[in-house]
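Read through the structure below, which is laid out as structure tokens, and then see the notes.
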Amino acid sequence: MAVAPEPLPLVVTDHLSEARNRAREMLSTEAHLGDVDDWRRALVSGRDAIIVIWMVWLAMHGLNDPPFTGPLLAAVSIGLALLLGISTARSTYMQVQFYAEELERERREIRDSFPQEREEIRALYAAKGFSGTLLEQIVDTLCADDDRLLKIMMEEELGLNLHHVHHPLMVGIWNFGGALAPGLLLTLPLLWLSTAAAHGWMPIAAAFLLLIVSVVSALATKRNTLGCFAVAVIMAGVTGGVAYFLAQWLGTLAPVGSTG
């Protein structure tokens, strides 16, 4: 006959609720934009850079290909790479700071309120269905080592799995480079190509670069290459199409070069 889990004491419930709310707030902000501390995030930055540049080029095409399109896109590619590098570095820094603050908070609670922490462990594992001698053995084992207890409390209270996080500066450099390389490959030729040649270059080059990023992403994440490429193409098609037709429409309302 199964033993019903014991309900958590009110004090423990309030403490866990407060801790999990802190984690939920962190995970809902820009500090948790996926695994921003992993080099693979740079592939996402590269894909997004290609799509944004493609989108801006289509918008300029909708405005009848002004002569400054090439220089503008080259400048945008560099600025966008800086933005993605700084953004991911800052997000990683916020994540590291959050983990450090929570670790220090738990260390302080274990040091100053060990009986309460022990009771929280007992209540948590009782809620999982453990009881009697087995429950006490689990509590004794987990509480015998401060580092182990710290890890368990972080996971049980906050739902966070502690893992190695790369230095924010390194993450920023990865994402800056990941966005800059395809951005410049896509835009620098526009400085010398004619408008007619650019119409052939941009779709072919953008598709080729998206394919390369998709292949590397699929290999790095063990996902399907065709699926990664299809998602990227659909994103580029939808956003680029919207930018093109909106630019055309807005151009009829306020013609390029109008001073009125």
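What ranking do 48-57, 182-191, 103-112 get when scored by the average of other Cβ atoms within 10 Å per residue, highest first?
On the way: 48-57: 23.7, 182-191: 19.5, 103-112: 14.3.
Ranking, from highest mean packing down: 48-57, 182-191, 103-112.
How do Glu102, Glu119 line up, fewest other C-beta atoms within 10 Å first?
Least crowded to most crowded, the residues run Glu119, Glu102.
If I take R0 = 41 Å and measure r between the Cβ atoms of Val242 and Glu104 in this structure, what FRET efficiency does the formula 1/(1 + (r/R0)^6) give, to the nearest 0.05?
Efficiency, from the Cβ-Cβ distance: 0.30.
Hey, with R₀ at 41 Å, roughly what FRET efficiency would Arg40 and Asp145 work out to, going by the Cβ-Cβ distance, to 0.05?
Approximately 0.75, to the nearest 0.05.
Highest mean first, how do 174-180, 212-218, 65-71 rank when packing is the count of other Cβ atoms within 10 Å averaged over residues?
Going from most to least packed, we get 174-180, 212-218, 65-71.
Rounded to the nearest 0.05, what FRET efficiency do Val215 and Leu72 give with R0 = 35 Å and r taken as the Cβ-Cβ distance? Could you check?
Working: r = 29 Å, r/R0 = 0.84.
Approximately 0.75, to the nearest 0.05.
Please arrange Lys128, Lys222, Lys151 by how many other C-beta atoms lie within 10 Å of their C-beta, fewest to most.
Lys222, Lys128, Lys151
None of the figures in this text is laboratory data; all of them are computed from the coordinates on show. Nothing here was measured: the structure is a model prediction, and the numbers come from that model. With ideal geometry, Cβ positions are generated from the backbone for all residues, glycine too; neighbour counts draw on all protein chains shown.
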